[in-house]
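The values are calculated or read from the model by the stated rules, or taken from the named source; none is laboratory data. Keep in mind it's a predicted model, so treat the numbers as computed, not measured. Every residue, glycine among them, receives a Cβ derived from its backbone with ideal geometry; neighbour counts consider all protein chains shown. Only protein heavy atoms, including side chains, enter the accessible area calculation; ligands, DNA and RNA are left aside. Shrake-Rupley method; radii C 1.70, N 1.55, O 1.52, S 1.80 Å.
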Amino acid sequence: MRFKDVFSIIGPSMIGPSSSHTAGAVRLGRTARRILGCLPEQADIVIYGSFAATYQGHGTDLAITAGLLDYDTDDMRIKDAAVLAEEAGLKVKFHTSSLPVAHPNTVKIMVRNGEREESVTGCSIGGGNIEIVSVNHFDIKFTAGYPTLLIFHKDRPGLIADITDIVKQAGANIGYMEVDRKSRKGDVLTVIESDEAITSALICRMEQIPDIQRVCLIDLTSKEGMP
Amino acid sequence: MRFSSLNELVALCTQESVTIGKLMVQEQAQETGKTEQEIVEQMASYYQVMKEAVSKGLSENTKSRSGLTGGDAQRVQSFRMNHVPSLGDKASKALAYALAVSEVNASMGRIIATPTAGSCGIIPGVFVSAQETFGWEDEQLVYGLFTAGAIGYVIANNSFISGAEGGCQAEVGSAIGMAAGALTELRGGTPEQTVHAVGLALKNSLGLICDPVGGLVEIPCIVRNGFGAVTAQAVSDMALAGVRSVIPSDEVIHVMLDVGTAMPEKHRETAKGGLAQTPTGRKIMKELYGNKDQPARNRGNGK
């Protein structure tokens with residue numbers, strides 16, 4: 001079954017005009033914001049395909065900016081996101097690209113705050129649903145539809161077992177998991193989607209595992225920093 | 001969910017002596033592990049958003065960002081207040097309300113995708129006007145949304161609900177079927193009558209292409225939402241009168257799948273055909289996007 005529940009038919013609550021060009025775009029921006037973990041000072045955004053062709057009419061630019069401000073899909077401030085971003089000290093630049101992409105609604109978002117820089121590429125696949133396809137040049141896929149952990153770490157034997165052990169101890173169930181490494185003994189990104197909410201205690205414990213560099217929680221159903 | 005066809009849905013409701021709306025609340029609770037109360041509260045908050053959208057579309061400026069649309073709901077509302085509408089008072093009200101919500105959507109207002117943003121006017125147009133006509137409490141309408149959701153769930157999983165996949169029949173057509181069925185159950189129709197309404201409605205929109213001018217959810221989407229709300233009311237009257245869909249509704253849903261699959265790409269939300277490629281449609285697109293190629297709009301898989 002492609003559609004699993006009643007709220008995938010009636011819903012989401014959203015600011016128009018398009019579930020994929022607007023609501024999905026908000027979620028893409030918001031995911032990038034959550035990966036950075038704070039309001040970016042600067043965002044460089046490249047939009048491709050149909051996003052690039054119709055972004056003005058659909059407010060896709062405003063929607064992505066609103067996501068970077070951590071707004072939800074039905075936040076009335078989406079319309080004023082450009083002005084509100086400027087007031088908040090977020091500089092946003094949009095670029096369109098005619099390079100071919102796998103999905104017509106694709107965006108690459110580069111966000112920066114101080115020394116920190118993150119790069120997130122994702123697509124809006126319909127009905128406000130999204131799929132992230134790359135984070136900081138790691139090829140991983142997740143939907144941000146569930147509480148999702150992004151764990152940046154070193155490649156070391158047994159480390160995945162250490163990670164899943166902590167999830168197990170917390171009584172959470174892993175619904176989906178993906179691992180991508182840049183090289184042997186190099187940098188790794190592990191993505192875990194959980195059926196249950198992730199607590200800050202779980203994240204703290206995970207961060208104490210040797211060779212784990214950073215643990216990032218993406219839960220678009222809750223406010224930032226409130227697992 | 002324990003059902004995947006409308007036939008199975010009717011059988012379950014008959015066996016357990018519940019309405020489709022009530023059954024859907026139970027199924028959703030089972031599926032998500034949430035309580036029925038939490039689920040009903042979420043839907044109730046959605047219904048409030050729909051009512052607010054109707055009221056905003058009738059009173060506030062709804063000019064879209066492209067500048068192509070806005071104000072039609074208020075034109076219809078004003079006309080029906082000052083003239084005798086040929087549709088009669090109730091259907092003309094549903095027409096105005098549906099246009100209002102679709103114009104709120106086009107002007108970046110808040111709506112509920114039902115099942116998509118492109119078809120978001122039909123269910124609120126029918127529901128909010130029916131509430132005023134029949135004097136129902138909000139709670140009844142909220143259960144009606146579960147009825148609509150159950151119907152949409154079957155359509156979405158056996159056919160499609162996105163214009164990119166199946167044309168406008170999949171969006172506006174599905175929304176009319178959902179609204180017509182829900183209205184039938186709300187007015188005391190049996191599960192059988194409710195499901196006949198779905199088949200009757202879908203038959204009327206088979207083959208409808210998705211040809212938005214400039215790729216935007218405006219022309220002809222907004223007026224089709226208005227027509228859709230009126231059609232859903234006609235369907236509900238027929239179903240309650242005992243008119244049956246001789247071709248069973250599940251079979252009609254499969255016809256929609258067949259027709260949509262055979263539909264050329266230019267008629268599936270790409271703005272490469274239909275109204276979008278008329279001389280005026282092309283001129284509008286040029287004004288919007290300059291000399292760039294037409295937008296290859298595609299909302300992809302899903303809704």
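Worth pointing out:
- Residue check, A:ILE132 buried (at least 21 other Cβ atoms within 10 Å of the Cβ), farther than 30 Å from A:SER19 by Cα and either assigned by TED's automatic domain parsing to the domain that holds A:ILE192 or among the aliphatic types (A, V, I, L, M) (or both): no
- Pick from region B:79-98, criterion of a type outside the set (A, V, I, L, M, F, W, C) and free of Cβ contacts under 8 Å to residues at least 12 places away in the same chain, ranking: most open to solvent (accessible area, probe 1.4 Å): B:SER86
- Across region A:11-22, the number of residues qualifying as closer than 18 Å to B:GLU165 by Cβ and within 7 Å of another protein chain (Cβ to nearest Cβ) comes to 3.
- Inter-residue pairs, beta-carbon under 8 Å, first open to solvent by 70 Å² or more (accessible area, probe 1.4 Å) and in region B:264-276, second among the basic types (Lys, Arg) and in a loop (DSSP other than H, G, I, E, B), 6+ apart: B:GLU265/B:LYS272; B:LYS266/B:LYS272
- Every residue from region B:1-22 that is within 13 Å of chain A (Cβ to nearest Cβ) and more than 16 Å from B:ILE155 (Cβ to Cβ): B:ARG2, B:GLY21, B:LYS22
- Criterion: within 21 Å of A:LYS4 (Cβ to Cβ) and either crowded, with 24+ Cβ neighbours inside 10 Å or polar (S, T, N, Q) (or both) - qualifying residue of B:ALA179, B:ALA170, B:ALA130: B:ALA170
- Residue within region A:16-37 that is open to solvent by 30 Å² or more (accessible area, probe 1.4 Å), in a helix (DSSP H, G or I), closer than 27 Å to B:GLU269 by Cα and of a type in the set (D, E, K, R) present: yes
- Filter result for B:ASN157 (touching a residue at least 60 places away in the same chain (Cβ under 8 Å) and out of contact with any helix residue (DSSP H, G or I) (no Cβ under 8 Å at 6 or more places or on another chain)): yes
- Entirely in region B:165-282, the helices (runs of 4 or more DSSP H) that have 1 or more residues that are within 13 Å of chain A (Cβ to nearest Cβ): B:174-186, B:221-241, B:249-262
- Of all residues in region B:35-59, those satisfying the criterion of being charged (D, E, K, R) and surrounded by 14 or more Cβ atoms within 10 Å (Cβ to Cβ) are B:LYS51, B:GLU52, B:LYS56.
- Restricting region B:283-293 to residues that are within 8 Å of chain A (Cβ to nearest Cβ) and open to solvent by 70 Å² or more (accessible area, probe 1.4 Å), the residue that is modelled with the highest pLDDT: B:LYS292
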